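Student: Let me give you the structure first, and then I'll get to my questions.
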Amino acid sequence: MSNLNKIALQILSNGKGILAADESTATMTNRLDSVGVHSNEMNRLLFRETLFSSLSMKECIGGVILYDETIKQKTSTGKTIPEFINSTGSLTGIKVDTGAKMLAGSKQEKITEGLDGLRERLKSYYELGARFTKWRGVYSISEKYPSKLAISANAHALARYAALVQEAGMVPIIEPEVLMDGNHSASDCFNKTSEVIKKCFEELVLNNIDLKGIILKPNMILSGTNSSEKISAEEIAELTLECLKNNVPSSVPGIAFLSGGQTEIEAVENLNSINIKNNTDFIMTFSYGRALQQSALKFWSKDINNIIGTQEIFDHRAKMCSLAAQGKWSKNLENSK
Ligand code: 13P
C-alpha cells in the first residue's frame with residue numbers, strides 16, 4: 001500500500017470523516033457576525049480549539065482541514081494546532097487554493113486560483129504538519145451553466161494542484177462543488193455533476209495522479225434550493241450513487257461529501273441513506289463544515305467560555321455523522337441526547 005493510500009484510509013476508515021474548519025478569515029467573519037461574536041484572531045482560535053479538543057475527535061474525526069491562519073496558531077497549552085490535532089489521532093489538512101475569481105471568457109462563472117507558488121507553500125505546510133490538502137472548484141447550475149469552459153478550466157486547475165500535492169507527499173482532496181443554489185431539478189444536478197466529475201478524472205489521469213492517493217469531495221445530487229421539487233433521502237442516495245459509480249474510477253479509496261447548505265439533519269439523513277444503499281467499493285463519509293459546526297457555533301456564541309456545553313453539541317453532531325457514515329444513523333438516535 002502506498003503511503004498516500006495509507007493516509008487517505010486513515011482519514012476515512014472506521015466511520016471517521018473530516019471536519020472542514022478551513023473557512024477563510026472573510027467567511028469565518030461572516031459566520032461569527034451572524035451569531036453576534038466579534039471576529040478577531042483570538043475568537044476564531046477559541047472556537048476552533050474548542051472543537052479540536054472535543055471527545056469525539058478520537059472516534060469520529062479522521063482529519064481536520066485548516067485555513068492558513070489556524071495552521072500557524074498555538075493552543076492555550078502551547079502546542080501548535082497540527083501537533084494538537086495529531087495528538088487526537090486525527091490528521092491535519094490545509095486549504096491551499098486562494099479562492100474563486102471571475103473566469104475570463106465567461107460572464108458569470110468562476111475559476112479557482114492558487115497555483116502560483118503552490119510548490120513552495122506545500123513544502124512549508126508539510127513542515128508545519130499537514131498531510132492532506134483541499135482545493136475547491138465551484139460551479140453553479142442554470143440553463144447555460146456550467147459551461148464547457150468552466151468545467152474544463154476548473155478540472156485542469158484541480159489536476160495540476162493534485163499533482164503538486166502528491167509530489168509533496170500529501171493527499172489532495174479534489175472538491176468540485178456544484179452548488180445547490182437555483183431552481184434546477186435533481187436530474188439537472190445529476191447531469192451537470194456527472195459532466196463535472198467526469199472531466200476532473202480525465203484531467204487527473206492526464207496529470208498522472210495516483211488515484212489511490214486522493215479523496216474526492218463532491219456534492220450530493222439534490223434539487224436546487226429554490227426548486228419546488230422535493231425528493232426523498234432514498235432518491236438522493238440512488239442518484240448520488242449512480243453518478244459516482246458512472247464517473248469515479250474504482251481505484252479511488254473514498255468519497256467525503258460536502259454539506260453545501262443542507263441542514264445538519266438533511267446532511268446526516270442523506271449520508272446515512274447513501275451508506276445503506278452503497279453498492280460500490282468506495283468509502284462514503286462526510287467532510288462537513290456547516291453541518292458539523294452550525295449548532296455548536298450558535299450555542300457557543302451565547303457564552304464563549306462555555307467550552308464543555310459547546311463540545312457536547314459538537315460531539316453529538318460528530319457522532320451522528322459517524323453513524324451515518326456507517327449507515328447506522330436513525331431519527332431516534334438523533335433525538336436521544
Ligand atoms: P460545507 O460542508 O459547509 O459545505 O463546507 C465544506 C467545505 O469544505 C466547502 O468547501
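Student: Residue by residue through segment 289-312, note down the ones that are buried (at least 20 other Cβ atoms within 10 Å of the Cβ) and away from the ligand (no atom under 15 Å from the Cβ).
Tutor: Trp300, Thr310, Gln311
Student: Name the pairs: first residue in segment 159-183 and on the phi < 0 side of the Ramachandran plot, second residue within 14 Å of the ligand (Cβ to nearest atom) and modelled with pLDDT under 95, Cβ to Cβ under 6 Å, at least 6 apart or on different chains?
Tutor: Met180/Gly261
Student: Of these, Ile236, Ile197, which one is under 24 Å from Ile111 (Cβ atoms), in a helix (DSSP H, G or I) and not charged (D, E, K, R)?
Tutor: Ile197
Student: Do we find a residue being under 25 Å from Ala318 (Cβ atoms), more than 16 Å from the ligand (Cβ to nearest atom) and under 20 Å from the mean Cα position of the chain (by Cα) anywhere in segment 261-268?
Tutor: No, segment 261-268 contains no residue that is under 25 Å from Ala318 (Cβ atoms), more than 16 Å from the ligand (Cβ to nearest atom) and under 20 Å from the mean Cα position of the chain (by Cα).
Student: Hey, can you tell me all the residues within segment 10-26 that are in a helix (DSSP H, G or I) and more than 24 Å from Asp315 (Cβ to Cβ)?
Tutor: Correct list: Thr25, Ala26.
Student: So Gly260 fits all but one of (1) at negative phi; (2) touching a residue at least 60 places away in the same chain (Cβ under 8 Å); what number is the exception?
Tutor: (1)
Student: Find the residue count for segment 91-123, including only residues that are more than 18 Å from Ala163 (Cβ to Cβ), surrounded by 12 or more Cβ atoms within 10 Å (Cβ to Cβ) and among the small types (Gly, Ala, Ser).
Tutor: Adding up the residues that qualify gives 3.
Student: For segment 170-205: of the residues being under 20 Å from the mean Cα position of the chain (by Cα) and over 19 Å from Ala153 (Cα atoms), which is farthest from the ligand (Cβ to nearest atom)?
Tutor: It comes out as Phe190.
Student: Follow-up. Note down all Cβ pairs under 9 Å where the first residue falls in segment 32-55 and is part of a helix (DSSP H, G or I), the second is of a type in the set (Asp, Glu), and they're at least six residues apart or on different chains.
Tutor: Cβ pairs passing all conditions: Glu41/Glu69; Arg44/Glu23; Arg44/Glu69; Leu45/Glu69.
Student: Something else: For segment 269-311, how many residues meet the condition of being in contact (Cβ under 8 Å) with a residue 12 or more places away in the chain, under 17 Å from Thr50 (Cα atoms) and part of a helix (DSSP H, G or I)?
Tutor: 15
The values are calculated or read from the model by the stated rules, or taken from the named source; none is laboratory data. Quick caveat, the model's predicted, so the values are computed rather than measured. Cβ: placed from backbone, ideal geometry, glycine included. Neighbour counts: every protein chain shown.
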